[in-house]
Each structure stands twice: as structure tokens, then as C-alpha cells.
Amino acid sequence: QVQLVESGGGSVQAGGSLRLSCVSSRYLDCMGWFRQVPGNEREGVAGIDRNRNRNYADSVKGRFTISKDNAKNTLYLQMNSLKPEDTAMYYCAARVSYGCYFPIREENFDLWGQGTQVTVSS
């Protein structure tokens, strides 16, 4: 049984930064970050595979960086130059079965954290 636990969310002013963390109970080949605003579909933000290939949504390219520390079983999302439009619940996700496919899609992930709220004020 694998668990994901996110942390690092909070409230910041536009232009600020946050770093989200996701700790898993074991190593996972394929992981990603999603976000969701009430009334909207869940959006893939960034993904990373076993070889550290990375993929980003166009809306966050150049501002967000996904990374991982395999020794710590920890996934990160560094978010810089935050905008009010980045306000959402952010979810860590993992694909337990073999394979990792970009761009990341909700249907290709089967393990989810409980979410951490990010709020960016103007």
C-alpha cells in the first residue's frame, strides 16, 4: 500500500514563491502535479518520469520546476513568479503500474494525495 502526502501550500502575494513537497512511502517511477479550481476540470501541471524527463503545462513553463529526490522518496514543485491564476488545490499524483506518458492526464494516474491549497493574492 502506497501513500502520498503533500505539504507546502499557503497564501502568497503575486510574484512570490512556494515549494510544494510530496512524500511517498516508496519509490515511484512516474509522478506529477495537478491542480483544480472548483467548477473546472483537473489540470495537469507538471510530470516527471524515471529518467527525470519533465513535462509542463504551457501556463507554468518558465515559472515552475518539478524535481525529485529518490533517496527521500520526495517529489517537489518549485513555483516562482506566482500569479493569481495559479490559485488552486494542488495534488500530487503517481502512476503505480508500468509506464509514464506525457502530457500527463488524470486518467493515467492511479494514486493521489489529499491536496494542498495555494492561494495567490494580487
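Descriptive notes on the structure:
- Flag for Ala14 being among the hydrophobic types (A, V, I, L, M, F, W, C) and open to solvent by less than 70 Å² (accessible area, probe 1.4 Å): yes
- Set side by side, the residues Ala93, Ala14, Ala88 differ, and just one is over 20 Å from Ser122 (Cα atoms) and of a type in the set (A, V, I, L, M), which is Ala93.
- From Val23, Val2, residue being of a type outside the set (S, T, N, Q), assigned to a loop (DSSP other than H, G, I, E, B) and in contact with a strand residue (DSSP E or B) (Cβ under 8 Å, 6 or more places away or on another chain): Val2
- Selection status of Cys22, open to solvent by less than 20 Å² (accessible area, probe 1.4 Å), of a type in the set (A, V, I, L, M, F, W, C) and touching a Gly at 6+ places or on another chain (Cβ under 8 Å): yes
- Among the residues of region 30-66, those that are of a type outside the set (Lys, Arg), part of a strand (DSSP E or B), over 13 Å from Phe109 (Cα atoms) and open to solvent by 10 Å² or more (accessible area, probe 1.4 Å) comprise Gln36, Asn55, Tyr56, Thr65.
- Complete set of residues in region 102-122 that are in a loop (DSSP other than H, G, I, E, B), surrounded by 13 or more Cβ atoms within 10 Å (Cβ to Cβ) and not hydrophobic (A, V, I, L, M, F, W, C): Pro103, Arg105, Gly113, Gly115
- Single condition Arg26 does not satisfy, out of (1) among the basic types (Lys, Arg); (2) over 20 Å from Trp112 (Cβ atoms); (3) modelled with pLDDT under 95: (2)
- Scan of region 88-101 for residues that are surrounded by 16 or more Cβ atoms within 10 Å (Cβ to Cβ) and either in a loop (DSSP other than H, G, I, E, B) or in contact with a Cys (Cβ under 7 Å, 6 or more places away or on another chain) (or both), ordered by number: Cys92, Ala94, Arg95, Cys100
- Here Ser97 fulfils each of the conditions (1) over 18 Å from Arg19 (Cβ atoms); (2) at pLDDT 95 or above apart from (2).
The values are calculated or read from the model by the stated rules, or taken from the named source; none is laboratory data. Nothing here was measured: the structure is a model prediction, and the numbers come from that model. Every residue, glycine as well, gets a Cβ built from its backbone with ideal geometry; the counts of neighbours run over all protein chains shown. SASA here: full protein model, heavy atoms, side chains in, ligands and nucleic acids out. Shrake-Rupley method; radii C 1.70, N 1.55, O 1.52, S 1.80 Å.
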